[in-house]
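Dropping the structure in here first, questions after.
The values are calculated or read from the model by the stated rules, or taken from the named source; none is laboratory data. From a predicted model like this one, the values you see are computed outputs, not experimental measurements. Cβ: placed from backbone, ideal geometry, glycine included. Neighbour counts: every protein chain shown. The area values use the complete protein model at the heavy-atom level, side chains included, leaving out ligands, DNA and RNA. Shrake-Rupley method; radii C 1.70, N 1.55, O 1.52, S 1.80 Å.
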Amino acid sequence: MEKDFEIVDHTADVGIIAYGTDMNQAFANAARALFSLITELDDVDEVLHRDTKLTAPDEESLLVEWLNELIYLFDVENILFKRFDITQLNNTQLKARSYGEKVDSSKHKLKIGVKAATYHMLKVDKGDGCKVQVLFDI
Amino acid sequence: MPAPWKEIVHKIDDYRWEIPKSYKQGMSVPGLIFTSESMLNHIWEEQVFQQVANVAFLPGIVDHSLAMPDIHWGYGFPIGGVAATRTKDGVVSPGGVGFDINCGVRLLRTNLTEQEVRPKIEQLINELFVNIPSGLGSKGKIRVNKKELDEVLIKGSQWAVEKGYGEAEDIVVTEESGCIKGANPGKVSSRAKERGIPQLGTLGSGNHFLEVAVVAEIMTETQLRLWVSMILDRYLSGFTPAPGALGTRFVVII
């Protein structure tokens, strides 16, 4: 896999396309793409982690729920995540451990605020390698 | 070569264009775009016809999926999209209500003159930055718990005035007196409240900004109203002015 993710510009929003050899990796890369929009991932250290367990009706919804859960943790606990370990993923369930640290204004430059992952132009593609696309409301 | 939209839309008159139900299988009603012919070329490039047609699928939609002249690409609904749905069997679409619910604009008038302000514009801007938290991750000076937040949700601007953050006169010139009656904070999820609490008393982030401007010319009352509503429209269209230099218009872009 040449790249983990890419950023897609949209009229008033921003989207990401994330890749992976399997869906677990694509979901993890989508989360990294999300935090790369918010800050420079290189500046973030792994000092704490949060466990996430989610259920959703299908894989697309699961992806949106997953990213929105991380946005919620950022908004409420001010945690920047950089590494994601998806331990379980099927069509309706996800379990993950995310590593990162709290925002430290002397260390982290915050770039853009992401309000939510949306269902607009949402894609989960299990072709030759996995690919997911999400558009964020910023 | 004729513009591609000419094969799709029916001209009703110079400013009304209909997208027939046959455009996309599943549309319950036709689409109706209020715009001019020259603007249609631009609208077509933005592919918002698709979004107007998609709205026509909504259960319970009445009459037409409408699009106002400011139509552009949104989430599900186009920006500038309007639809009515029946209360009996219709749906409420978050895309139609708008994701930035109650995103608004306030105009505060001072009695200061340009001569007084201009020499001190830097100090003024610095002071505004200190006192009005803005940008991503900023936290307001106002600290409330969830119970107090419920009061904010019920009372609206009245709450702020009671706490000394505003004047009673402010409420008189705010629509709905700064409070929509019948609000039920119980309908707001606990998580939404957790996300909202730190933002209270901040300017917000993203395309929210504050500008200090000079009234250069006082026109008739009607024109003044027009001006204010044009500003509103500009903000609502997501337009962000270029970073202004110091002077009569200082634009703070977050």
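Could you grab me the full set of residues in segment A:18-53 that are in a strand (DSSP E or B), open to solvent by 20 Å² or more (accessible area, probe 1.4 Å), under 20 Å from A:GLU69 (Cβ atoms) and not charged (D, E, K, R)? So that I can check it myself, show each step before the final result.
Step one: filter segment A:18-53 for residues in a strand (DSSP E or B), giving A:18-20, A:48-53.
From what is left, the residues that are open to solvent by 20 Å² or more (accessible area, probe 1.4 Å) are A:19, A:48-51, A:53.
So of that shortlist, the ones also under 20 Å from A:GLU69 (Cβ atoms) come out as A:48-51, A:53.
Listed by number, the residues that qualify are A:LEU48, A:HIS49.
Assuming B:GLY178 fulfils every condition listed in (1) open to solvent by less than 30 Å² (accessible area, probe 1.4 Å); (2) out of contact with any helix residue (DSSP H, G or I) (no Cβ under 7 Å at 6 or more places or on another chain); (3) more than 14 Å from chain A (Cβ to nearest Cβ) apart from one, which condition is it?
For B:GLY178, the exception is condition (2).
Restricting the search to segment B:1-36, which residues are open to solvent by less than 90 Å² (accessible area, probe 1.4 Å) and either modelled with pLDDT under 90 or aromatic (Phe, Trp, Tyr) (or both)?
B:PRO2, B:ALA3, B:PRO4, B:TRP5, B:ILE8, B:TRP17, B:TYR23, B:PHE34
Turning to a different aspect of this structure: Under the condition of being acidic (Asp, Glu) and within 14 Å of chain B (Cβ to nearest Cβ), which residue from segment A:86-125 is nearest to A:ASP45 (Cα to Cα)?
A:GLU101
Does segment A:95-118 contain at least one residue that is closer than 22 Å to A:THR21 by Cα and either part of a helix (DSSP H, G or I) or open to solvent by less than 20 Å² (accessible area, probe 1.4 Å) (or both)?
yes
Of everything in segment B:47-79 that's part of a loop (DSSP other than H, G, I, E, B) and within 14 Å of another protein chain (Cβ to nearest Cβ), which residue is surrounded by the most Cβ atoms within 10 Å (Cβ to Cβ)?
Among those that are part of a loop (DSSP other than H, G, I, E, B) and within 14 Å of another protein chain (Cβ to nearest Cβ), it is B:PRO78.
Being open to solvent by 60 Å² or more (accessible area, probe 1.4 Å) and within 14 Å of chain A (Cβ to nearest Cβ) is the filter here; which residues of segment B:106-144 pass it?
Of everything in segment B:106-144, just one residue is open to solvent by 60 Å² or more (accessible area, probe 1.4 Å) and within 14 Å of chain A (Cβ to nearest Cβ), namely B:LYS139.
Let me ask something else about it. Name the residues in segment A:54-83 that are open to solvent by less than 20 Å² (accessible area, probe 1.4 Å), in a strand (DSSP E or B) and of a type outside the set (A, V, I, L, M), would you?
A:PHE81
Go through (1) more than 14 Å from chain A (Cβ to nearest Cβ); (2) touching a Pro at 6+ places or on another chain (Cβ under 7 Å); (3) open to solvent by less than 40 Å² (accessible area, probe 1.4 Å) for B:VAL161 and report which single condition fails.
In the conditions (1) more than 14 Å from chain A (Cβ to nearest Cβ); (2) touching a Pro at 6+ places or on another chain (Cβ under 7 Å); (3) open to solvent by less than 40 Å² (accessible area, probe 1.4 Å), B:VAL161 misses (2) alone.
I would also like to ask the following. Every residue in segment A:104-132 that is at pLDDT 95 or above and more than 15 Å from A:GLN25 (Cβ to Cβ), please.
Within segment A:104-132, no residue meets the criteria.
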